[in-house]
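Worksheet: the structure to be examined is printed underneath.
The values are calculated or read from the model by the stated rules, or taken from the named source; none is laboratory data. These numbers were taken from a predicted model, which means no experiment stands behind them. All Cβ positions, even for glycine, are placed from backbone atoms using ideal geometry, and neighbour counts span all protein chains on display.
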Amino acid sequence: MAQQRASNGAGSTARHVEQIVQAAERTAEELRAAAEARADDRIAEAERAAELRVRAADEEAADVRAIAESAAREAQDNAAKRAREVIHEARVATREVLRDGETLSGHLRELSDSLRANAERLLLDIRAAHAEMTARLDRVDPDLGGTLGRTDRGAPPAGKRPSVEPEIPEFIPRRPR
């Protein structure tokens, strides 16, 4: 009996140890499962946080890209507008230069015509003065008239007396007499 009790006591202890081991294994399994669940939750949370950061970075990059594209379009528009303004100003300047050149050319043509007319008048006045002086010299000493190599090309026709006063060139305003 004592042996039976000892064997019952040893068996009960073994069963008790076995129950403790089973309970420890269950607890260890529960702890492992809980740890895995917490690790899975933390991994999922880290993945969500990383996904949110990536999404936020993508949104920020899209915003920066949109701002840069807008600024680039604005800069291109401003450059094109300024180029059109400069071209317009250049066209206006070339038209003004052409107009000024045409005006200057016209004035030079008029000056040329005036100079030509005045040169002709001056030559006529010089010829008339020459004829007058030659006629006076001939009156003073008619014998020497033809001996000094004088020609009658510039002399006025006989009987017409040349004007003593030369004509005023057309570019000088006439004074009333």
Report summary line: All conditions in (1) among the aliphatic types (A, V, I, L, M); (2) assigned to a helix (DSSP H, G or I); (3) at pLDDT below 95 are true of residue 148 except (2)
Requested in this report: Check segment 33-54 and report whether any residue there is free of Cβ contacts under 8 Å to residues at least 12 places away in the same chain, surrounded by 10 or more Cβ atoms within 10 Å (Cβ to Cβ) and within 38 Å of the chain's Cα centre (by Cα).
Outcome: no
Report task. Starting from residues that are surrounded by 11 or more Cβ atoms within 10 Å (Cβ to Cβ) and of a type in the set (A, V, I, L, M, F, W, C), keep the ones in segment 102-122 and report whichever is farthest from the chain's Cα centre (by Cα). Result -> 122
